[in-house]
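Read the figures in this text as sums done on the coordinates, not as results from a lab. None of the values given here were measured: they were computed from a predicted structure. Note that each Cβ is placed from the backbone with ideal geometry, even for glycine, and that neighbours are counted across all protein chains shown.
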Amino acid sequence: MDSFQQIVANLLFATDASRSLFQLSGGDDRFPIRAEAVRNGFQQIRHGKAPTDTVDREALTRGKALFVENEAEIPGLAGVKARMVAPLLDEEGLKGWISVHADAPRSWTSEARLALETARAEASALLAAPNRIGVAAEVIRRTLDGRLKVAPDGTVRTSARYLLVGRASAARPDPVQAAWLYAQMVRWGQAAVSPEAVKTAQAVFRPDLYDAALGLSGLADPGRFGSIGAFAGPAFDPNDIAGYLASFKVLRRVP
């Protein structure tokens, strides 16, 4: 199995459904889409989005697969009249699920249910494969969730910002981030301090184009992030790069 995308594509084909999804915990009670396959003509949900859903998470946490065969319309999933949902669990609880959606009421056959269970097993094992990371799936999931073991006694430190993938606007370009990257180049002697260069760097990061491409609207101004949560160094001010750099004891000057 090459990818999560291949898993959901195979599941869609095996069940002759309308859509199949793989969703994994984003660490903040959201379950963004990691992979999706849809039948021609059926609406696709944006990758990385955590769709509003009425899935019974309590049942999934108990390891129970869900089978809806005839419903007028499933709240939060427009056009879906039937679905199957299989949980992905580890020792700490619900980590995600794989689901199949149909646009008309239907009885889920034993073959379709077997295909769902096969997809669940493949997804659970994929990240632990030796040709990928080669460690236990639970360790990878814990890292994705931002739950890090920091001591031999098993002490865990949790940070919702440890790894942002498709959430909290992690991929949205921020001109402040561009200025920070430029400041690092100055710090290590790869560029000289220049107000014009800062403006050029910031102009490369275009949140307006990103928002237009994804059909986003109603967001605040492009510089709304306004801060850098860097792992080291003082607070960063894009309007005072010279002052920011002056606070470092170690740096390299441009020859």
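Please list, in order along segment 174-183, the HN-Hα scalar couplings obtained from phi with the Karplus expression 6.51 cos²θ - 1.76 cosθ + 1.60 (θ = phi - 60°), rounded to whole Hz, x for Gly and Pro.
So the Karplus estimates, Gly and Pro as x, are 10, x, 5, 5, 4, 5, 5, 4, 4, 4 Hz.
Explain nothing, just compute: Karplus ³J(HN,Hα) = 6.51 cos²θ - 1.76 cosθ + 1.60, θ = phi - 60°, for every residue of segment 78-87 in order, whole Hz, x for Gly and Pro.
Using θ = phi - 60°, the values come out as 4, x, 9, 10, 8, 6, 10, 9, 10, x Hz.
With a sphere of radius 12 Å drawn around the Cβ of Ser18, what net charge do the other residues whose Cβ falls strictly inside it have (Lys, Arg +1; Asp, Glu -1)?
Numbers: positive: Arg19, Arg39, Lys81, Arg83, Arg106; negative: Asp16, Glu36, Asp103.
After counting each charged neighbour, the total is +2.
So what's the net charge close to Ala246: Lys and Arg +1, Asp and Glu -1, counting the other residues with Cβ under 11 Å from its Cβ?
On the way: positive: Arg187, Lys249; negative: Asp240.
Surrounding charge for Ala246 is +1.
Take the cross-link list Lys49/Lys95; Lys49/Lys149; Lys64/Lys95 and give me the ones stretching past 23 Å between alpha-carbons.
The answer is Lys49/Lys149.
Between Gln190 and Ala212, what FRET efficiency comes out of the Förster formula 1/(1 + (r/R0)^6) with R0 = 30 Å and r the beta carbon distance, rounded to 0.05?
Working: r = 32 Å, r/R0 = 1.06.
Approximately 0.40, to the nearest 0.05.
Just grab the label-to-label distance for Ala125 and Leu245, each label 7 Å out from Cα along the Cβ direction, in nm (one decimal).
With each label point 7 Å from Cα toward Cβ, the separation is 5.4 nm.
Working out 0.36 nm times the residue gap between Lys64 and Gln5, then minus their Cα-Cα distance, what length gain in nm do you get to one decimal? Please report the intermediate quantities before stating the final value.
Values: separation 59, 0.36 × 59 = 21.24 nm, distance 2.36 nm.
Gain on extension, Lys64 to Gln5, equals 18.9 nm.
What's the local net charge at Leu214, with K and R +1, D and E -1, over the other residues with C-beta under 11 Å away? All intermediate terms of the calculation are to be shown ahead of the outcome.
On the way: positive: Arg46, Lys49, Arg172; negative: Asp211.
The answer is +2.
Pull out the extension gain between Ser169 and Ala151, defined as 0.36 nm times the separation in residues minus the alpha carbon to alpha carbon distance; nm, one decimal.
On the way: separation 18, 0.36 × 18 = 6.48 nm, distance 3.12 nm.
Using 0.36 nm per residue and subtracting the Cα-Cα distance, I get 3.4 nm.
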